[in-house]
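A quick write-up on the structure given underneath.
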Amino acid sequence: MNRKTSKLILCAILLIALSLTPSQTSTATDNIGNVQLYIPGESVSFNDANQIMMITGFWHKLEFNTPSGANVSVELTNGIDKYEWTYIGGAWSDVEHGLFIDGAKCSCDGERIFFWIAVDQSATTGVWLLSITAGEQESEQNIELLGRTGGVGFSTPDFFIKMPPHTQVQVDTADTGQYAKIQNDDAVPVTVDFFIDDEDFTVTPNEHTISPFSLGEYSLVYSGTSHASQRRELEGEVLITYNYIGPCIGTAQLIPSFNYPFDIIIFVGDPDLGIVENDGYTVQYVTSVRMASDETRILPLIIDGLGDVDLDIDGLGCTVSSIELNGAEIEMPIRLELVGDKAECFNITVGPAITSGNASIVYRINGDQYTTVIEIDSTGEPQEVITENNGGDLNKVLPMVVIGLIIVALLTMLYAKKRSVKR
């Protein structure tokens, strides 16, 4: 075969190959592209087979490129089950059911079209065929129809917020690791709303939509005015709402939202002290303490309020050696003029007058009585003896155990050596 003949055969092969290759302009799927199907506000989800996933019972946004001005038909089929949506002459419709399209939210932007569609929550899950026809163009692909996969969990501590009295502060529960946590284990997004019976509270972060399979953590921020010493209990509630629930043919509709209550405690003052709110004043004090018989301790007392109060302090089974008010030593009894914007702080130096048993400090305020119970531990030889006895017995037992183990080991070695000699 000469070179000229070879060239002719090669050209013929190329011409045949080109004639068998579909023309770019005649391909049915050229002008339908970039097909996306997703729950509004979320991204497109794919399964392991790289198929788009759709959730039953929820609105989805279907968008794709299409020839400008073409009539559009979308079909979703699985055997005899079928959904069909159309855009013809500027009108949107659900051909099969008349229910699973929201025409007010559908739109066409030049060559990009947007369908707002859903399938019934009881639709058969599995692989469905999504077919799109736009004028003379067609496109087909398999998608996976899924049901909801789980639920939403809520957990939170009873929020505890503490602050000093008569001080303007902002407190964020995140600083003490207190969060409301919402775990969305479902395949659809949810919205979280907080309701607290106090306008001084805000919730952070401000974004309250939790995507599928995500965790939302929220802290409470309190920015109230200054307060006198007090303990307040508030109730809060978190409302969790499923977004984009679609229409339903049957009577079993999805529950759109559910709520969880939680508690908030605001403690203005020292949370380590007991607190009693009475008419005209609030008192904070140590309710109980444990002391050694030879110990001296300084115990705080805080009185807050508005108006005059009479105070007297006595020790029973203990000695009150000094009392200081705002750093200055005073005598009892005393009359206080509470001014409403300042707490009166006492330091009481006390030591037990007995070697064991219970003693107490008694505070009398306007005829009301409050008591610090002091449990006195005896110290010295009895306690030390018990500790030494335990240690002494252990010291006696351990050497005997060690010696016994050594003897057993030696006997084992001798026995083994004797058996080897006989062999």
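Number of residues in region 252-280 that are crowded, with 16+ Cβ neighbours inside 10 Å, more than 10 Å from R231 (Cα to Cα) and among the hydrophobic types (A, V, I, L, M, F, W, C): the value is 3.
Scanning for something of a type outside the set (A, V, I, L, M, F, W, C), modelled with pLDDT under 90 and more than 30 Å from T149 (Cα to Cα), does region 232-240 turn up at least one residue? Scanning region 232-240 turns up at least one residue that is of a type outside the set (A, V, I, L, M, F, W, C), modelled with pLDDT under 90 and more than 30 Å from T149 (Cα to Cα). For region 38-97, a residue qualifies if it is assigned to a loop (DSSP other than H, G, I, E, B), of a type in the set (D, E) and in contact with a strand residue (DSSP E or B) (Cβ under 9 Å, 6 or more places away or on another chain), and exactly one does: E96. The set of residues in region 107-130 being under 26 Å from N47 (Cβ atoms) and assigned to a loop (DSSP other than H, G, I, E, B) consists of A118, V119, D120, Q121, S122, A123, T124, T125.
Tallying residues that are of a type in the set (D, E) and at pLDDT below 95 within region 95-109 yields 2. Among residues of region 314-365 being in contact (Cβ under 8 Å) with a residue 12 or more places away in the chain and among the charged types (D, E, K, R), the one that is surrounded by the most Cβ atoms within 10 Å (Cβ to Cβ) is E344. With respect to being within 11 Å of F115 (Cβ to Cβ) and either in contact with a helix residue (DSSP H, G or I) (Cβ under 9 Å, 6 or more places away or on another chain) or surrounded by 13 or more Cβ atoms within 10 Å (Cβ to Cβ) (or both), F58 falls outside the description.
The values are calculated or read from the model by the stated rules, or taken from the named source; none is laboratory data. Since the model is a prediction, treat every value here as computed from it, not as a measurement. A quick note on method: Cβ atoms are made from the backbone with ideal geometry, for glycine too, and the neighbour counts reach across all protein chains shown.
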